[in-house]
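These notes are about the structure you will find just below.
Here, each number is a calculation from the coordinates, and none is a lab measurement. Note that the coordinates shown come from a computational prediction; the quantities given were computed from them, not determined experimentally. Every residue, glycine among them, receives a Cβ derived from its backbone with ideal geometry; neighbour counts consider all protein chains shown.
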Amino acid sequence: MQWSNNNSLKLSKISLWVFGVCLGIACAAAPWYGLLCKYIFGRTVPTLRYTLIVLFFAIPAYIAVHFLYKLLTNIEKEQVFTDENIRCLRIISWCCFAGAAVFFAGAFKAVSCILLCALAAFIGIILRVIKNVFERAVALQNENDLTI
Amino acid sequence: MPIRVNIDMMLAKRKMSAGELSQRVGITPANLSVLKNNKAKAIRFSTLEALCRVLDCQPADILEYTKE
């Protein structure tokens, strides 16, 4: 059980790193996306719009990655149901809503963005519910700690 | 909290130290301190039983209800 738990945490951290690196590559490569599409798929795409969406999305995404990493580090230290973790979850959920807002703005020009907007907003809602569960869990833990 | 835990009084009556009580009851000194300072939110029947056994008293001797 312990072995599996430790490895699960490690896997989560590695996934987070991979996501961060991929996002970094996407950000760096965004200005050349138009050229890439032209040569590979043979069609022109609005590069500036794509670049702006990726860059504006990257800001909340990196904030979320930072706080997810913090959350994982806290869980590793056996500090699971704490006020700090609730704060992390709240910030991550707001980051999701910010990402949804970026995609919503992008949807005015590219309709397909509305799907990503809905997805980001839904993940934000799920995280809010998890945050609410954590809040109850912290209250229960406090009561349990003060039961002698 | 309107329920007060009067362990200090019983300890003085029995001439027992807090350390000895915690050892004989089987709770940590930190938890005994939580109880003594009325910071506890609940007390297990098993703990109450052990306290009564060690201090040779009734629950009413340890617990007191005061109106807020």
Compare A:54, A:65, A:45 in a GNM of chain A, Cα atoms joined below 10 Å, and give the one with the largest fluctuation. A:45
Most fluctuating of A:60, A:46, A:31 in the GNM of chain A (C-alpha, under 10 Å) is A:46
In vacuum, with every alpha carbon of the stretch B:3-65 counted as one equal point scatterer, what does the Debye formula give for log10 I(q)/I(0) at q = 0.28 Å⁻¹? Two decimals, please. -1.57
The answer for the net charge of residues other than residue A:77 whose Cβ lies under 15 angstrom from its Cβ, with Lys and Arg +1 and Asp and Glu -1, is -1
Note: B:39-46 gets an average of partner chain Cβ contacts (10 Å, Cβ to Cβ) equal to 3
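Ratio of Rg to Rh for chain A, alpha carbon only, Kirkwood?
Values: Rg = 19.0 Å, Rh = 17.4 Å.
Across chain A, the Cα-based Rg/Rh ratio is 1.09.
Could you work out the helix-only [θ] at 222 nm for chain B, with each DSSP H run of four or more residues adding -39,500 (n - 2.57) and the total divided by the number of residues, to the nearest 500 deg cm²/dmol? Walk me through the numbers on the way to the answer.
Numbers: 5 runs with 39 residues, N = 68.
Using -39500 (n - 2.57) per qualifying helix, the result is -15000 deg cm²/dmol.
Hey, can you list the DSSP H helices of chain A whose Cα span along the axis is 30 Å or longer and whose average Kyte-Doolittle score is at least 0.0? Provide the component values of the computation, followed by the final result.
Working: long enough: A:2-29 (40 Å, 0.65); A:47-76 (41 Å, 1.23); A:83-106 (35 Å, 0.94); A:113-145 (47 Å, 1.09).
Counting only whole DSSP H runs, the qualifying helices are A:2-29, A:47-76, A:83-106, A:113-145.
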Please enumerate, by chain and number, the aspartates and glutamates with C-alpha under 17 Å from the C-alpha of residue A:70, excluding those fewer than 8 residues away in the same chain. A:78, A:83, A:84
Count, for each residue of A:137-148, the Cβ atoms from other chains sitting within 10 Å of its Cβ, then give me the mean as a whole number. 4
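With +1 on the Cβ of every Lys and Arg and -1 on the Cβ of every Asp and Glu, and nothing else charged, how large is the dipole of the protein assembly as shown about its Cα centre, in debye rounded to the nearest 20? Could you put the intermediate results ahead of the total?
Numbers: 24 positive and 14 negative charges, 123 e Å.
Using Cβ point charges on Lys, Arg, Asp and Glu, the protein assembly as shown gives about 600 debye.
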Rounded to whole Å, √(5λ) for the Cα gyration tensor eigenvalues of the stretch A:15-100, largest first, gives 34, 13, 7
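Cα-Cα over 25 Å: which of A:13/A:109; A:10/A:131; B:36/B:67; A:10/B:41; A:77/B:36; A:131/B:36? Before the final figure, lay out each step's value.
On the way: A:13/A:109 35 Å; A:10/A:131 22 Å; B:36/B:67 19 Å; A:10/B:41 37 Å; A:77/B:36 30 Å; A:131/B:36 34 Å.
A:13/A:109; A:10/B:41; A:77/B:36; A:131/B:36, as the Cα separations exceed 25 Å there.
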Of every Cα-Cα pair in the stretch A:90-136, the percentage lying beyond 15 Å is 41 percent
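Treating only the Cβ of Lys, Arg, Asp and Glu as charged (+1, +1, -1, -1), what charge dipole size does the stretch A:61-122 show about its Cα centre? Round to the nearest 20 debye. Provide the component values of the computation, followed by the final result.
Values: 5 positive and 4 negative charges, 49 e Å.
Around 240 debye, computed over the stretch A:61-122.
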